[in-house]
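One structure below.
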Amino acid sequence: MSSLTRSQAFLVAMAGLLPFQTKSDIEAGNAQFTDADQYLRIAVTGGAGIVELIDSTTEKKVGTTNWDKNKLPSGVNIALERIRAGWASSDFSYGETNPAAVVYTNKIGNIPAALLNADLVITQEDKPVVELPMQRLFSAADSNKPVGLEDAYVLESLRLIKEDSAVGIQIKFPKGLTLSGANYFFELHLIGTKTGKR
């Protein structure tokens, strides 16, 4: 019986789709599997229409994002298993604009309809990887477990995010709705298992 987790077995099965060196490393046992949490936090005040969350100018910065540009580095491939969203707001009189300086919550609570009824779209090389109603990514109740264990959306079908391939992450807001009236922030965690060198 295999001792691989669901995500690890998925990466082994997908090895043929990965670059030659990574495929060889996996087959030779020279790759290791580790936990993945690819995250971003961004101000979305005034968000409407389609908002791009990462692009080729995105800079890796602790507390804000661990994306470097909009690609995973060579040798890093993620079996995406869970997705968690969070949001925060601060009144304009408070004036906070730094996405790393606010506390996020996953609880539906008072999330503005413009965000709650939006869609999340993740693409790779302009092909859809995930398309979900944003509401699926929030929780109706508080959890006493670590973030991401009980309050993340679990994908029935794992998705592969490959190294060195352009990733797009978008919020598609409902027509005619805008995030206004406060400073709004959004966070997204892509959780699963990733490959890396031993």
Practice item. Among the residues of the stretch 99-125, write down those that are within 17 Å of the chain's Cα centre (by Cα) and within 10 Å of residue 135 (Cα to Cα). Key: 115, 116, 118, 119, 120
Exercise for review: Examine the stretch 49-56 for a residue that is under 17 Å from residue 194 (Cα atoms), modelled with pLDDT of 90 or more and open to solvent by less than 30 Å² (accessible area, probe 1.4 Å), and state whether such a residue exists.
Suggested key: no
Point to revise | Qualifying residue in the stretch 13-28 (condition: within 20 Å of the chain's Cα centre (by Cα) and among the charged types (D, E, K, R)) | key: no
Review point. Hey, does the stretch 31-44 have a residue that's part of a loop (DSSP other than H, G, I, E, B) and at pLDDT below 95?
Key: yes
Point to revise | the stretch 57-82 - residue that is assigned to a strand (DSSP E or B) and either of a type in the set (Gly, Ala, Ser) or open to solvent by 30 Å² or more (accessible area, probe 1.4 Å) (or both) and, of those, farthest from residue 131 (Cα to Cα) | key: 61
Point to revise | Residues located in the stretch 47-93, provided they are polar (S, T, N, Q) and within 24 Å of residue 179 (Cβ to Cβ) | key: 57, 58, 64, 65, 70, 89, 90, 93
Review point. Does residue 43 qualify as being surrounded by fewer than 20 Cβ atoms within 10 Å (Cβ to Cβ) and under 30 Å from residue 86 (Cβ atoms)?
Key: yes
Point to revise | Of all residues in the stretch 11-30 being of a type in the set (A, V, I, L, M) and assigned to a helix (DSSP H, G or I), the one that is modelled with the lowest pLDDT | key: 26
Exercise for review: Look at the stretch 79-104 and say how many of its residues are modelled with pLDDT under 90 and under 14 Å from residue 152 (Cβ atoms).
Suggested key: 0
Exercise for review: Taking the options 191, 169, 111, 161, name whichever one is modelled with pLDDT under 95, among the β-branched types (Val, Ile, Thr) and surrounded by 18 or more Cβ atoms within 10 Å (Cβ to Cβ).
Suggested key: 111
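The values are calculated or read from the model by the stated rules, or taken from the named source; none is laboratory data. Keep in mind the model is a prediction, meaning the values are calculated, not measured. Note that we place each Cβ from the backbone using ideal geometry, even for glycine, and neighbour counts take in every protein chain shown. The area values use the complete protein model at the heavy-atom level, side chains included, leaving out ligands, DNA and RNA. Shrake-Rupley method; radii C 1.70, N 1.55, O 1.52, S 1.80 Å.
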